[in-house]
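The values are calculated or read from the model by the stated rules, or taken from the named source; none is laboratory data. Computed from a predicted model, the values in this text were never measured in an experiment. Counting neighbours? That spans all protein chains shown, and the Cβs are built from the backbone with ideal geometry, glycine included.
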Amino acid sequence: SGGIDSTVTALLCHKALGDRFQAFYVDNGLMRMGESEQIIRELKDLGLPLTPVDAGKIFLDRLKGIRSPEKKRKIIGKTFIDVFWTEALNLPVRPRYLAQGTLYPDVIESVSHKGPSSMIKSHHNVGGLPKKNPFRLVEPLRDLFKDEVRRLGTQLGLPETFIKKQPFPGPGLAIRIIGAITPERLRMVRESDRIVREEIGHHSIAATLWQYFTVLLPIQSVGVMGDQRTYENVAAIRAVSSQDGMTADVAELPHTLLAQLSHRIIAEVRGVNRVVYDISPKPPGTIEWE
């Protein structure tokens, strides 16, 4: 995915296996604005044997009309396996193993220890994977937390900008769009997310935050544009501080910053006329909405 978890996993595998390792970057069509191009450049700069795969149409076709977050995650997990298998058939030697950057919090949230009610959500690379797949899974980071992975990344020589990159979910923007995914809704969440990353990223508070992003809600609200009534979408801003992602506190963003975020999103993102701020800690609210 190009995040720190999968990148550290890839570096470990490459270090251990040499030319027997092949990395794939699968663009699922659900990435943030300009992110795929940046990830491909960064991974190639690290010297990884990388094959980029543009699979956006496959993912979006399979997700069309799907509203359930659990179904989204399972569809994305199965589609990743399908894409990897298709690409693996083109390699000189058919691989038997698939390495993933699964972390301990992913396992905790995806596995039920006391029955169905205690599972929080299926992560696309844990509960979201099909039970039958052509690969044996290798998960070298499965017992680690995010802060431990960052320290490991430092030891492996990852640049500081990579180490401090904020977490981004494997299913991408699919779980930051509440309800069905459409090209228009993807556009709105991408544009609003870009504004939030720009504004907070340039503020001193950014260094204290774990994550900050936007979520597109499945509701519309009445607004006024000039003398005309509007009935358009609502975007939520989510910003939290945390040490390991297992618990999180609401970020105390200055009101002037929140006002600037709201002003820019409403002015620049066509189709959004209201912005709200999520003040839920984890627990009870998970960091991602789905």
- Item | Residue match in segment 163-181 (condition: exposed (fewer than 15 other Cβ atoms within 10 Å of the Cβ), in a helix (DSSP H, G or I) and out of contact with any Asp or Glu (no Cβ under 6 Å at 6 or more places or on another chain)) | no
- Task: Determine which single condition ILE81 fails, assuming it passes every other condition in (1) aliphatic (A, V, I, L, M); (2) outside any loop (DSSP other than H, G, I, E, B); (3) at pLDDT 95 or above.
- Result: (3)
- Does segment 5-20 include one or more residues that are assigned to a loop (DSSP other than H, G, I, E, B) and surrounded by 18 or more Cβ atoms within 10 Å (Cβ to Cβ)? no
- Query: Based on what the data block shows, is VAL189 outside the structural domain of ILE81 (by TED's automatic domain parsing), in a helix (DSSP H, G or I), in contact with a Lys or Arg (Cβ under 6 Å, 6 or more places away or on another chain) and surrounded by 17 or more Cβ atoms within 10 Å (Cβ to Cβ)?
  - Reply: yes
- Query: Among the residues of segment 232-279, which ones are assigned to a loop (DSSP other than H, G, I, E, B), of a type in the set (S, T, N, Q) and either in the same structural domain as LYS146 (by TED's automatic domain parsing) or surrounded by fewer than 14 Cβ atoms within 10 Å (Cβ to Cβ) (or both)?
  - Reply: GLN243, THR247
- Would you call TYR212 outside any helix (DSSP H, G or I), within 26 Å of GLU148 (Cα to Cα) and at pLDDT 95 or above? yes
- Message: So if I check each of ARG67, ARG32, ARG73, which one is touching a Pro at 6+ places or on another chain (Cβ under 9 Å), in a loop (DSSP other than H, G, I, E, B) and either of a type in the set (Lys, Arg) or at negative phi (or both)?
- Response: ARG67
- Note on the structure: For ILE108, the lone unmet condition from (1) free of Cβ contacts under 8 Å to residues at least 60 places away in the same chain; (2) surrounded by fewer than 18 Cβ atoms within 10 Å (Cβ to Cβ) is (1)
